[in-house]
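Colleague: Shown below is the structure under consideration.
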Amino acid sequence: MSYPASTVRRVELTPAQRRVVDDLLARDQPRPSFDPSLVGALRERLETTLRPLVATLDEPLWVSKSALAQVHSCEANYLAERAWSGWTVSMAEGEVAHRAIQLSVALEGDTTPLELVDHAMGDLAADQAGSLGGFLSTLGPAGRGELRAQATNAVSTFLECWPTLPASWWPRTELPVRAELCGGRVILSGKIDLCLGRAVGNEARCLFVDLKTGGHYPAHLDDLRFYALIQILRIGVPPFRVASYYLDSASFAAEDITEETLEIAVRRTEDGARQMAELQAKQREPTVTPCPRCRYCRIRAHCDGAREWDRLRQGDSP
Ligand code: SF4
């Protein structure tokens, strides 16, 4: 991807926006190329591992970044999340903010963050076939106001921290990606918050970004490596770089994608898919692992693991 100076410097950038353009997008720096045989080797490796695991499942195994993070943290949490189909205000905030940011990229003119959020909430509420639309219609004035305010904060921060994204950068938001393995018996799926650039031949020239409103966790890079794996399985070339962008602190954690990082993603996906397949086939009981997820786990009221985590945090474990 090249970044013509005329498009980038068209308006004066804030220091935060300049860091995005110069450091994160890495303008004018060479991009890596990937051996075209790599995708075939990765696919064969994954399918050889996964095929026997899913052979007896009644339905395809869906593997997402959230499911992988859950099952690697606490298997009981993974099953609880799998059984949950509701919404909370904080979950809805993420969806509304991402939809509003999507509109900010697509709409011409100076639409304010609050207007973008109202457009997004209107669109989502109108979709009564979707479960989020139903949730939004049940919100009272206070819940709606809280959601609107929080989503507006996130959108305002994004517009403050990121430069205007010209069409020549191929900006894509909320980009759905998936890769089917084992004849559709395993589906790796995800949604990229922000994708810039595109591969050219075997040259990796696109950047994947996850926009975060909370703090930094090392596992965020695992999420992005998983997306890089899906991308190479889709089109044969991964992104050149993946990054978590932390809106609250206007900072980012980035990693360049290499064969080694893809190898880490393959191993983590294989391990997680194995755990998911065993649990879905009811081959064994889930393990219960006290961990930071206990703080907001849906079954914490009924789980001894939550009490154990509280004790560990307070430093009075036996
Ligand atoms: S409360 Fe903690 S230990 Fe229990 S299921 Fe949830 S995440 Fe796992």
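Computed from the coordinates by the stated procedures, all read-outs in this text should not be read as laboratory data. Note that the structure is predicted; figures quoted are calculated from it, not measured. Cβ sites come from the backbone with ideal geometry, for glycine too, and all protein chains shown count toward neighbours.
Colleague: If one computes the Cα centroid of the range 207-230 and of the range 241-286, what distance in Å separates the two points?
Modeller: 9 Å
Colleague: Turning to a different aspect of this structure: Within the set of other residues whose C-beta is less than 14 Å from the C-beta of Pro113, count the net charge using Lys and Arg as +1 and Asp and Glu as -1.
Modeller: Taking every other residue near Pro113 into account, the sum is -3.
Colleague: Is the shape of the chain best called rounded, prolate or oblate, per the rule: a/c under 1.5 gives rounded, else a/b larger than b/c gives prolate, else oblate, with a ≥ b ≥ c the square roots of the Cα gyration tensor eigenvalues?
Modeller: oblate
Colleague: Amide H of Trp62: which non-local residues (sequence gap of 5 or more, or other chain) have their own amide H closer than 5 Å, using H built in the peptide plane?
Modeller: Ile187
Colleague: Cβ under 12 Å from Glu270's Cβ, Glu270 left aside: what net charge do those residues give with Lys, Arg +1 and Asp, Glu -1?
Modeller: Around Glu270, the surrounding residues sum to +2.
Colleague: Any idea what log10 I(q)/I(0) is at q = 0.17, 0.26 Å⁻¹ for the range 89-161, Debye with uniform C-alpha scatterers and no solvent?
Modeller: -0.55, -1.18
Colleague: On full extension of the chain, what length is gained from Gln314 through Glu180, given 0.36 nm per residue of separation minus the C-alpha to C-alpha distance?
Modeller: 43.8 nm
Colleague: Quick one: divide the alpha-carbon radius of gyration of the range 212-318 by 2.2 N^0.38 Å and tell me what you get.
Modeller: Computed over Cα atoms of the range 212-318, the ratio equals 1.35.
Colleague: Each label point is 7 Å from the Cα along the Cα-to-Cβ direction; what then is the distance between the points at Asp271 and Ala106, in nm?
Modeller: Taking the two extended label points, one gets 3.8 nm.
Colleague: Work out the length of the dipole vector of the range 84-230 about its Cα centre, built from +1 on the beta-carbon of each Lys and Arg and -1 on the beta-carbon of each Asp and Glu, and round it to the nearest 20 debye.
Modeller: With only Lys, Arg, Asp and Glu charged at Cβ, the dipole is about 420 debye.
Colleague: Here's another thing I want to ask about it. Asp28 to Ser66: FRET efficiency via 1/(1 + (r/R0)^6), r the Cβ-Cβ distance, R0 22 Å, to the nearest 0.05?
Modeller: 0.05
Colleague: Let me ask another. Have a look at the DSSP beta bridges in the chain and tell me what percent are antiparallel, nearest 5.
Modeller: Roughly 70 percent of the beta bridges in the chain run antiparallel, per DSSP.
Colleague: Right, another one. Explain nothing, just the number: dipole magnitude of the chain about its Cα centre with +1 on each Lys and Arg Cβ and -1 on each Asp and Glu Cβ, in debye rounded to the nearest 20.
Modeller: 240 debye
Colleague: What list of ³J(HN,Hα) couplings, whole Hz, do you get for the range 176-188 from phi and the Karplus terms 6.51, -1.76, 1.60, once you set θ to phi - 60° and write x for glycine and proline?
Modeller: These are the phi-based 3J(HN,Hα) values: x, 10, 7, 9, 9, 10, 6, x, x, 6, 10, 10, 8 Hz.
Colleague: Something else about it: How long is the gain from Ile187 to Ala142 if the chain were fully straight, where each residue apart is worth 0.36 nm and the alpha carbon distance is subtracted?
Modeller: Going from the current span to full extension adds 12.3 nm.
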